[in-house]
1. For K69, give me every one of the aspartates and glutamates with a C-alpha distance below 19 angstrom, ignoring sequence neighbours fewer than eight places off in its own chain.
2. Just tell me the longest site-free run in the chain, where the sites are chymotrypsin sites (Phe, Trp or Tyr not before Pro) in a DSSP loop having at most 10 other beta-carbon atoms within 10 Å.
3. R0 = 25 Å: FRET efficiency of F92 with A31, Cβ-based, nearest 0.05?
4. Could you tell me the calculated FRET efficiency between I54 and Y8, based on Cβ-Cβ distance and R0 = 35 angstrom, to the nearest 0.05?
5. Could you tell me the largest-minus-smallest coordinate of the C-alpha atoms of the chain on each of the three principal axes, in descending order and whole angstroms?
6. How far apart, in nm, are the 7 Å Cα→Cβ label points at H1 and L62?
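Computed from the coordinates by the stated procedures, all read-outs in this text should not be read as laboratory data. Predicted, not measured: the structure shown is a model, and the values here were computed from it. Quick reminder, even Gly has a Cβ in these numbers, built from the backbone with ideal geometry, and neighbours come from all protein chains shown.
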Amino acid sequence: HYAIPHGYLYKYISYPNYLCEWLEWLGFALAAAPLPYPLNPSSPPTIAIAPPWIFFLGEVLLMAPRALKGHRWYKEKFGERYPRERRAVVPFLI
């Protein structure tokens, strides 16, 4: 038996757990490592990105396609009953 998730962030997105995890790791990256050079000109120019930023980017790049696929499944499974305005993982965007 499948049901449409509802409540809290589910009002806006299908995968609020992914969004919250991304915010958690973004906070960790901000606290643990300087911003990559193009975003922070005061840091020395370098091609390398600190490991926390690599991890954060990896999380987003690996989880976003899964969220989009799952969101598509919800829409196919529930059809017109699934909230039209709900996005996959970022409110009002994707």
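1. Answer for K69, where 19 Å is the Cα cut-off: E21, E59, E80, E85, listed by chain and number.
2. Between exposed loop sites, the widest span is 3-91.
3. Step by step, r from the Cβ atoms, then E = 0.40.
4. Details: r = 30 Å, r/R0 = 0.87.
It comes out at approximately 0.70.
5. Per principal axis, max minus min of the Cα coordinates gives 53, 22, 22 Å.
6. 3.5 nm
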